[in-house]
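All remarks here apply to the structure that follows.
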Amino acid sequence: MDSFELNKILGAILGTCLILLVTSFTADAIFTPKMPAKPGFEIAVKEEASAGKEAAAAAPAEPIEKLLQTASVEKGQAAAKKCQACHTFAKGDKNGVGPNLYGVVGDHKGEGRGFNFSAAMKGKGGTWTYDDLNAFITNPKGFVPGTAMGFAGIQKDSERADVIAYLRTLSDNPVPLPTASK
């Protein structure tokens with residue numbers, strides 16, 4: 001092999017290296033990553049209200065009395081299936097993670113039912129009125145700060161009214177429906 005052949009081989013190797021080097025510089029210039037000012041991703045989280053009255057201030061948009069006039073017990077029974085993960089509904093059933101809800105409308109808050117309620121629920125006092133159930137199902141932690149119930153709540157007014165109408169039927173003596181003011 002003469003020197004001319006050797007020069008062609010070395011020229012081809014050097015030319016290939018030069019092309020690779022230029023391609024690398026060009027790719028770095030085109031595809032340079034933009035580093036964020038703060039590392040990581042921002043996760044959008046619904047802000048919880050401060051404490052006490054501000055948390056309970058997230059009142060439902062429409063009065064429950066009006067919503068209950070058009071509520072569907074059948075739809076409420078279907079919507080209450082998500083509650084069955086923790087609650088039972090039949091008379092005499094054992095408690096689950098949460099108390100049995102048979103006869104809950106008009107019953108005392110945080111008492112009886114053979115269930116160990118959280119201190120926050122025991123301290124709430126009073127009876128479960130339609131307004132209280134509506135507020136609690138909307139935002140359990142807002143209505144009873146410190147409750148052990150981990151459910152986020154039902155935001156849709158009509159669905160909440162359907163569930164409350166269904167809970168009303170779970171009683172030997174259902175509490176009469178409130179009359180709508182308008």
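Just so you know, all these numbers are worked out from the coordinates, no wet-lab data involved. Everything numeric here is computed off the predicted structure, so don't read it as measured data.
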*In degrees between 0 and 90, to the nearest 10, how far off the longest principal axis of the chain does helix 157-169 point, with axes built from Cα atoms?*
40 degrees
*At q = 0.12, 0.13 Å⁻¹, what log₁₀ I(q)/I(0) does a Debye calculation on the Cα points of the chain give, no solvent, two decimals?*
-0.66, -0.74
*asked:* P(r) for the range 110-182, please, calculated from all Cα pair distances in 5 Å bins and given in %.
replied: 3, 14, 22, 24, 21, 12, 2, 0
_Past 23 Å, Cα to Cα: identify those pairs from K91/K124; K75/K124; K91/K141; K82/K109, in the order given._
K91/K124; K75/K124; K91/K141
*Per DSSP H run of at least 4 residues, take -39500 (n - 2.57); add these up for the chain, divide by its residues and hand me the 222 nm value, nearest 500 deg cm²/dmol.*
-12000 deg cm²/dmol
*Would you work out the relative contact order for the chain, in percent, from Cα pairs under 8 angstrom that are 6 or more residues apart?*
26 percent
*Go ahead and set up a Gaussian network model of the chain, Cα springs under 10 Å, then flag whichever of L18, L68, L133 fluctuates most.*
L18
